[in-house]
1. Computing the accessible area with a 1.4 Å probe over protein heavy atoms, can you report the carbon and sulfur percentage for the chain?
2. Straight-line reach from residue 235: which aspartates and glutamates fall under 12 Å, measuring Cα to Cα and dropping same-chain residues less than 8 apart?
3. Let me have the relative contact order for the chain, percent, based on Cα pairs under 8 Å that are six or more residues apart.
4. Could you let me know the centre-to-centre spacing of the stretch 205-223 and the stretch 103-153, using Cα atoms, in angstrom?
5. Run through the stretch 87-122 and list the GluC sites (Glu not before Pro) located in a DSSP loop whose Cβ has at most 11 other Cβ atoms within 10 Å.
6. Can you work out the Karplus-derived ³J(HN,Hα) for every residue in the stretch 245-258? Use 6.51 cos²θ - 1.76 cosθ + 1.60 with θ = phi - 60°, whole Hz, and x for glycine or proline.
7. List the residues, sorted by chain then number, that are 5 or more residues from residue 107 or on another chain and whose placed amide H is less than 5 Å from its amide H.
8. Are any of the pairs 203/256; 75/136; 34/240; 86/203 more than 32 Å apart by Cα-Cα distance, and if so, which?
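The values are calculated or read from the model by the stated rules, or taken from the named source; none is laboratory data. Keep in mind it's a predicted model, so treat the numbers as computed, not measured. Every residue, glycine as well, gets a Cβ built from its backbone with ideal geometry; the counts of neighbours run over all protein chains shown. What goes into the accessible areas is simple: the full protein's heavy atoms, side chains included, and nothing from ligands, DNA or RNA. Shrake-Rupley method; radii C 1.70, N 1.55, O 1.52, S 1.80 Å.
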Amino acid sequence: MNRDTILELFNQHLRIEINEPNSRREKTDSVVRKVSLSNEPGFISYSEMNESNADKVIEEQINFYKNLKQQFEWKVFDYDQPTDLKERLQKKGFTLEESEALMISDLTEANQLLDTQILPEVRRLTTEQEIWDIIKLEEDIWNENYQDLGQRLVRDFNDSSAHLSLYGAYIHGKIVSAAWMYLHEGTPFASLWGGSTLAEYRKRGYYSSLLAIRARAASEKGYPLLIVDASSMSKPILEKHGFICYGYSTPCMSPKFT
């Protein structure tokens, strides 16, 4: 598939038509938004605005979520309009987080991931306890609290409609690297998440194996496009494995509403 086709598919399926568990999708004349039905923030995935109406639309969304007392994230892509959308949001009190590269790999073309060797320690995870192994791994690596992530993964693990699969590498019964994947039903996309490895086990091929095992699983299920929101650290690694950068996005988090 060519670049324009893939980007059009991404916008249509994962920004405009996207439906997620535990949320309600709403489409207005200007935005597509998610109202969270759990304790997670809301989310604006897509917008159609211009310089003349952007401020008005932003105020409308702030008031909408404020009435719900629900904080929300507005994900801005570098091709969204108006071109100063991030700056407008920042002036309204939004916090801009680190930009992420939109990385996509096309499994319909000759793809090295489908031929990459998968180390024997890497396997699919099948129990809730293994999810909490992942959370301990993440907390040990990043020195942050990931209990909310654990609860979300457990919830989606037990919800067949979420199409979540998890993978890890175990050495002597200890998890040393882990990642997960969502298959977005009704779309050509599988999204990849995680990929963290304990420092002393890096450069042994676990990251590559976790990419490969998910690529094969997605391909076997009929999902030809892999997508990752990549940090500046992950982007060059993904490029080495054949992913292409299609642009950048910036998560913009609203103030908390009480």
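1. Values: 6120 of 13170 Å².
On the chain, the fraction of accessible area on carbon and sulfur atoms equals 46 percent.
2. 100
3. Working: 439 pairs, mean separation 69.8, N = 258.
Relative contact order here is 27 percent.
4. 10 Å
5. Working: sites: 87, 97, 98, 100, 109, 121; in loops: 97, 98, 109, 121.
Those that pass, being in a loop and sparsely packed, are 98, 109.
6. 7, 10, x, 9, 10, 10, x, 10, 9, 5, x, 7, 10, 10
7. Placed amide hydrogens put 225, 226 under 5 Å from residue 107.
8. Details: 203/256 40 Å; 75/136 28 Å; 34/240 34 Å; 86/203 37 Å.
Long pairs (Cα-Cα over 32 Å): 203/256; 34/240; 86/203.
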